[in-house]
1. Give me the net charge of A368's neighbourhood, meaning all other residues with Cβ under 11 Å from the Cβ of A368; Lys, Arg count +1, Asp, Glu -1.
2. Please find the FRET efficiency linking Q168 to A14, where r is the Cβ-Cβ separation and R0 is fixed at 22 Å, and quote it to the nearest 0.05.
3. Between their Cα atoms, which of K38/K212; K272/K383; K60/K229; K23/K93; K102/K212 are more than 18 Å away from each other?
4. Work out, step by step, the length gained on full extension between E146 and D99: first 0.36 nm times the residue separation, then minus their alpha carbon distance; give nm to one decimal.
5. Between V357 and E222, 0.36 nm times their residue separation minus their Cα-Cα distance comes to what?
6. Pop a pseudo-label 7 angstrom from the Cα along the beta-carbon direction at both L77 and Q379 and give the gap in nm to one decimal.
7. Sticking with the crude label model, points 7 Å out along Cα→Cβ, report the distance from K212 to N186 in nm, one decimal please.
8. Ordered by packing density, taken as the mean number of other Cβ atoms within 10 Å over each peptide's residues, highest first, how do 101-113, 148-160, 64-76 rank?
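Readers should treat all values here as calculations from the given coordinates under stated rules, not as data from a laboratory. Note that the structure is predicted; figures quoted are calculated from it, not measured. All Cβ positions, glycine included, derive from the backbone under ideal geometry; neighbour counts span all protein chains shown.
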Amino acid sequence: MKISPTEILPQLKAELERLSQQKATGILWLQQGGIPLKIYLLSGRLQYVTDGEHRMRRWKRALFQHCQGWTAPTQILNSQPWEYDFLYQGISKSKLTLDQAKQVISAVAEECWHELALAQDVEMDWRPGDRLKSTFSYFLSLSIGEIHPDLRKAEEMHQAWHQAKLDQYRPSLSPLLTAKGAGLNNAAIQKYLNGQFTIWDVALQLKQPISKVMQALLVWREKGLLEFKTITDLPAPVEEMEEQAVVAPAEVTAAPTPQTPQSISVASGSGKLVACIDDSPIVVHNLKTILEPAGFRILSIQEPMAGFAQLIEHKPDLILLDLNMPNANGYSICKFLRETPVFGKTPIIILTAQDNVIDRTRAKLAGANDFISKPPEPQALIKLLRTYLSPVNSEGGSPSLIPQMA
């Protein structure tokens with residue numbers, strides 16, 4: 001399907017909304033002047049956007065803005081595109097927060113969409129297919145509600161570019177001082193206007209809107225001080241895998257992430273296994289002192305993003321879930337676990353100090369079975385767990401405590 005320049009971003013927005021409603025999985029391909037742009041979707045959520053021009057440069061700019069100090073991996077584990085896999089690894093090893101990773105995805109998408117809006121003709125093609133799924137792919141992706149602000153920013157950027165009469169230029173061009181301009185005694189100018197950086201890079205370093213930077217550079221060009229040239233992308237840190245390598249059955253999950261001894265531990269024994277997901281080691285310790293003498297085994301997870309693979313591996317009989325954690329929202333985690341086939345029927349009990357009607361209702365809507373205040377009274381907690389782990393309930397019965405959720 002060909003799209004006219006004025007309709008590119010509105011059509012893209014409409015198509016993403018349609019695919020989101022359908023919970024579609026696959027790749028939305030867009031061709032702009034022979035340059036491919038791929039939008040990777042998983043169940044209607046955006047995982048990453050890649051383009052065939054300056055993919056590595058966009059990645060480095062996004063990391064500079066949101067992940068300074070993080071050394072990205074150099075080896076793909078189990079997912080494509082490699083940028084998404086690297087973000088996945090960063091979160092699973094507690095080197096990045098979920099917010100940082102999402103900001104990287106958003107920053108790259110905004111750039112791609114602005115450049116896309118400058119294309120004269122764009123062809124769009126949806127290619128469905130099962131993509132490799134991980135146990136927290138739904139968290140490391142953008143919902144349609146999160147995509148809308150990025151599209152608005154791209155539209156605003158494009159409008160400012162258009163009003164400045166810059167439509168014939170691309171931000172991926174590189175400014176280079178001419179012989180006349182090379183005589184300017186300005187270290188900053190010499191550093192960035194040397195044909196090694198794009199206009200995107202210069203704007204980022206100057207912390208100025210890209211349209212204003214471009215207008216200033218055009219004044220310099222009119223004076224014969226600089227010219228624009230096209231430059232190639234930087235080398236990628238890994239060799240891109242073949243696209244076929246990412247196609248997998250819907251039930252496939254990611255390989256377990258490396259275990260972090262400080263945040264994940266499993267008590268030995270033969271009793272029912274209870275997973276305690278709470279960022280506080282004190283809370284986890286107190287739960288152990290209550291539950292282990294009562295015959296329960298404990299799987300303690302202080303960092304949920306690093307611990308999802310362990311949940312899959314050990315398949316606990318019941319999950320105690322904290323509502324407020326630094327890098328994750330308890331309601332979102334609960335909803336995701338409930339929608340994961342492995343935990344579709346696993347009892348989930350919210351453990352939190354926020355014990356009010358609104359929180360109980362939200363917990364119920366997210367799929368929680370019950371709600372207990374923090375710190376829990378030992379006998380009440382043990383009774384609650386035994387209620388949900390009784391033979392009647394393990395066979396699909398409804399515990400008597402569920403009505404208290406209303």
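1. On the way: positive: K335, R338, R360, R362, K364; negative: D359, D370.
The answer is +3.
2. Working: r = 27 Å, r/R0 = 1.24.
With a Förster radius of 22 Å, E is 0.20.
3. Numbers: K38/K212 29 Å; K272/K383 14 Å; K60/K229 20 Å; K23/K93 29 Å; K102/K212 27 Å.
Pairs exceeding 18 Å: K38/K212; K60/K229; K23/K93; K102/K212.
4. Working: separation 47, 0.36 × 47 = 16.92 nm, distance 1.18 nm.
Extra length available between E146 and D99 comes to 15.7 nm.
5. Details: separation 135, 0.36 × 135 = 48.60 nm, distance 6.63 nm.
Gain on extension, V357 to E222, equals 42.0 nm.
6. Using points 7 Å along Cα→Cβ, the separation is 4.5 nm.
7. With each label point 7 Å from Cα toward Cβ, the separation is 1.5 nm.
8. Numbers: 101-113: 22.1, 148-160: 16.4, 64-76: 13.6.
Put in order of decreasing packing, that is 101-113, 148-160, 64-76.
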